[in-house]
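Below: the structure, in structure tokens.
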Amino acid sequence: MTDANGLLAALATLAPGRVTTPGPGFDPGALVAFDPGEVAPAVVVRPRDAAEVAQVLPLAAEAGLPVAVRAGGHSYSRRSLVHGGVVLDLGGLDTVHIDADARTGRAGGGVTAGRYTTVAAEHGLATGFGDTGSVGVAGLTLGGGIGFLSRRYGLTVDDLLGADVVTADGRLLVVDDEHEPDLFWALRGGGGGLGVVTELRFRLHEVASITQGMLFFEPDAGLLAALVGHLSEAADELASMVNVMVAPPVPFLPPELHGRPVIMALLVHSGNPADGERLVGEVRDMAPTLLERVAQVPYTAVLGPFGFKGFGVVTGAGFADEFGPDRAARAVDAVTSGRQVVVNLRPMGGAIARVAPDATAFAHRDRRLMTVVSALAPDQATAELAAPAVDDLSAALSDGPYGYVNFLRALPDAAERAYPAATLQRLAAVKAAYDPGNLFRSR
């Protein structure tokens with residue numbers, strides 16, 4: 001069995017200049033969006049292609065070291081890192097190819113949502129991802145992928161046509177409906193940990209421009225309940241997020257709003273511009289606005305920048321089928337009473353719900369609303385102090401124990417919180433088939 005020194009020597013030969021170990025200039029925090037806390041890998045390898053990935057994995061297994069995979073590094077549970085193990089940084093696998101005639105796109109395992117979307121937009125096409133451009137396409141997809149095209153076209157996994165995957169034993173597999181179908185099922189929402197996805201193939205849709213509305217309101221519980229109810233019943237073309245939060249000191253907000261509790265409705269309409277103006281106007285007319293911005297913009301504009309690099313964060317995630325006055329009051333009170341939390345509410349429905357719950361590993365398609373409660377702090381240790389309040393509020397706003405895997409933080413029972421028993425059992429069977437030694441394990 002190769003020891004750690006032997007592994008490092010082998011990796012240095014395999015990937016000269018692309019292997020980093022603890023020492024001067026070694027910063028695990030550079031790999032991830034949020035403060036990594038005490039998690040520190042033993043080595044970071046930056047492969048150039050799938051063939052190098054296939055060579056690294058057996059070496060790590062022989063040395064007895066776990067492997068984590070980093071694409072964009074945005075995981076709230078820091079799944080891009082593994083303490084004392086090997087991190088595969090896929091940033092070099094960043095090619096994007098668009099076949100406009102076939103309406104398909106290919107993305108390397110390290111491609112970000114912003115890069116893919118920018119290239120696809122040159123052809124007037126898009127695949128629905130999330131809401132932040134620097135998020136890795138692979139990690140977002142493996143969890144399901146909810147964003148501003150989901151109500152119209154489905155989750156990101158519903159547009160995943162296939163993937164290239166390197167398994168723990170170094171095999172390079174083509175995975176789709178006809179090849180390795182159980183693994184393909186698990187890749188679509190199972191959260192990762194089954195292999196290294198080195199390329200993804202997506203369906204594209206015609207999306208040239210969108211109507212975007214950003215509306216700020218007073219933090220009123222009755223209005224919040226009405227907004228969520230209205231947007232949950234809206235046309236499929238209208239996607240939305242509703243945040244209850246303290247307005248941050250960002251340049252596009254006037255100084256008088258900085259530090260003030262607000263409701264922010266972020267609206268994206270991907271259909272006819274006239275319909276978009278009308279539907280956004282209906283929301284705008286529900287109450288006097290503190291600030292409003294409505295415009296026709298390229299679809300690339302909806303994938304915003306990430307402004308919290310290095311911060312600590314704790315999250316609580318759930319789903320709800322009812323969001324009435326009592327829950328709205330809890331959300332508003334949490335923010336207006338000085339607790340440093342953000343409540344994020346995402347209406348689901350539409351095309352998300354028109355796929356059978358067992359067709360992919362994303363099993364929560366029939367839920368009406370996705371809920372996320374988060375607390376940010378300058379470092380992870382400080383953020384953890386807010387965990388009890390985050391968990392309490394998250395439970396109050398949600399029905400049942402489940403939450404979206406991509407929004408859950410690292411917890412001992414995270415898998416049980418992400419998946420119903422039948423889905424988890426099926427995922428465990430796929431894991432046993434493709435990674436029986438549990439090589440892929442994070443943190």
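Identify the residue in the range 385-407 that is part of a helix (DSSP H, G or I) and of a type in the set (Asp, Glu) and, among all such residues, is farthest from Arg78 (Cα to Cα).
Ranking the candidates gives Asp392 first.
How about the range 1-52: which of its residues are touching a Leu at 6+ places or on another chain (Cβ under 6 Å) and over 14 Å from Val82 (Cα atoms)?
Residues satisfying the conditions are Leu7, Ala10, Val19, Ala50.
Under 21 Å from Val137 (Cβ atoms) and of a type outside the set (Gly, Ala, Ser): is that true of Arg106 in this structure?
yes
Can you confirm whether Pro325 is in contact (Cβ under 8 Å) with a residue 24 or more places away in the chain, surrounded by fewer than 19 Cβ atoms within 10 Å (Cβ to Cβ) and over 25 Å from Arg152 (Cα atoms)?
yes
What's the number of the condition Gly193 fails, among (1) over 30 Å from Ala329 (Cβ atoms); (2) not in a loop (DSSP other than H, G, I, E, B)?
With respect to (1) over 30 Å from Ala329 (Cβ atoms); (2) not in a loop (DSSP other than H, G, I, E, B), Gly193 is out only on (2).
Only one of Ile146, Ile98 is outside the structural domain of Ser374 (by TED's automatic domain parsing), out of contact with any Pro (no Cβ under 8 Å at 6 or more places or on another chain), crowded, with 23+ Cβ neighbours inside 10 Å and farther than 20 Å from Ala30 by Cβ; which?
Being outside the structural domain of Ser374 (by TED's automatic domain parsing), out of contact with any Pro (no Cβ under 8 Å at 6 or more places or on another chain), crowded, with 23+ Cβ neighbours inside 10 Å and farther than 20 Å from Ala30 by Cβ holds for just one of Ile146, Ile98, which is Ile146.
If we scan the range 239-255, do we find a residue that is more than 19 Å from Leu290 (Cα to Cα) and either surrounded by 14 or more Cβ atoms within 10 Å (Cβ to Cβ) or free of Cβ contacts under 8 Å to residues at least 40 places away in the same chain (or both)?
Within the range 239-255, one or more residues are more than 19 Å from Leu290 (Cα to Cα) and either surrounded by 14 or more Cβ atoms within 10 Å (Cβ to Cβ) or free of Cβ contacts under 8 Å to residues at least 40 places away in the same chain (or both).
When the residues of the range 295-313 are filtered to those that are β-branched (Val, Ile, Thr) and in contact with a Ser or Thr (Cβ under 7 Å, 6 or more places away or on another chain), which remaining residue is nearest to Ile263 (Cα to Cα)?
The extreme case among them is Val313.
Go through (1) assigned to a strand (DSSP E or B); (2) within 19 Å of Leu215 (Cα to Cα) for Gly318 and report which single condition fails.
Unmet condition: (2).
Quick one: in the range 3-19, which of the residues that are under 15 Å from Leu65 (Cβ atoms) and outside any helix (DSSP H, G or I) is modelled with the highest pLDDT?
Looking at residues that are under 15 Å from Leu65 (Cβ atoms) and outside any helix (DSSP H, G or I), I get Val19.
Could you count how many residues in the range 20-57 are assigned to a helix (DSSP H, G or I) and closer than 22 Å to Ala410 by Cβ?
4
Results for (1) under 17 Å from Leu160 (Cα atoms); (2) modelled with pLDDT under 95; (3) β-branched (Val, Ile, Thr), shown as yes or no for each residue.
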position	(1), (2), (3)
Ala102	yes, no, no
Gly109	yes, no, no
Thr112	yes, no, yes
Val119	no, no, yes
Glu122	no, no, no
Gly133	no, yes, no
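Please pick out the residue among Gly72, Gly85, Gly25, Gly105 that is small (Gly, Ala, Ser) and surrounded by fewer than 21 Cβ atoms within 10 Å (Cβ to Cβ).
Every option except Gly25 fails the conditions.
Within the range 200-226, can you find the residues that are out of contact with any Phe, Trp or Tyr (no Cβ under 8 Å at 6 or more places or on another chain), within 24 Å of Val297 (Cα to Cα) and in a loop (DSSP other than H, G, I, E, B)?
Result: Leu204, single match.
Could you give every pair whose Cβ atoms fall below 7 Å, whose first residue belongs to the range 77-95 and is at pLDDT 95 or above, and whose second residue is assigned to a strand (DSSP E or B) and of a type in the set (Phe, Trp, Tyr), counting only separations of at least 6 or pairs across chains?
Sorted first by the residue in the range 77-95, then by its partner, the list stays empty.
Does Leu253 satisfy the condition of being more than 30 Å from Leu142 (Cα to Cα) and at pLDDT below 95?
The answer is yes for Leu253.
Working only within the range 287-315, note down all residues that are closer than 19 Å to Ala375 by Cβ, assigned to a strand (DSSP E or B) and touching a Leu at 6+ places or on another chain (Cβ under 6 Å).
Of everything in the range 287-315, just one residue is closer than 19 Å to Ala375 by Cβ, assigned to a strand (DSSP E or B) and touching a Leu at 6+ places or on another chain (Cβ under 6 Å), namely Val313.
Mind telling me which of the residues Ala356, Ala410 ends up being surrounded by fewer than 23 Cβ atoms within 10 Å (Cβ to Cβ), among the aliphatic types (A, V, I, L, M), in a loop (DSSP other than H, G, I, E, B) and under 17 Å from the mean Cα position of the chain (by Cα)?
Ala410
Out of Gly276, Gly271, Gly229, I need the residue that is part of a loop (DSSP other than H, G, I, E, B), surrounded by 16 or more Cβ atoms within 10 Å (Cβ to Cβ) and not aliphatic (A, V, I, L, M). Which one?
The unique qualifying residue is Gly271.
Give the range 396-424 a look and list any residue that's polar (S, T, N, Q) and more than 20 Å from Ala138 (Cβ to Cβ), or say none.
Ser398, Thr423
Among Val82, Val87, which is outside any loop (DSSP other than H, G, I, E, B), within 20 Å of the chain's Cα centre (by Cα) and among the hydrophobic types (A, V, I, L, M, F, W, C)?
When all the criteria are applied, what remains is Val87.
Could you check the range 416-429 and list, in sequence order, the residues that are in a helix (DSSP H, G or I), in contact (Cβ under 8 Å) with a residue 12 or more places away in the chain and within 20 Å of the chain's Cα centre (by Cα)?
Result: Glu416, Arg417, Ala418, Thr423, Leu427.
The values are calculated or read from the model by the stated rules, or taken from the named source; none is laboratory data. For clarity, every value in this text was computed on a predicted model and none was experimentally measured. Glycine gets a Cβ as well: all are built from the backbone with ideal geometry, and neighbour counts include every protein chain shown.
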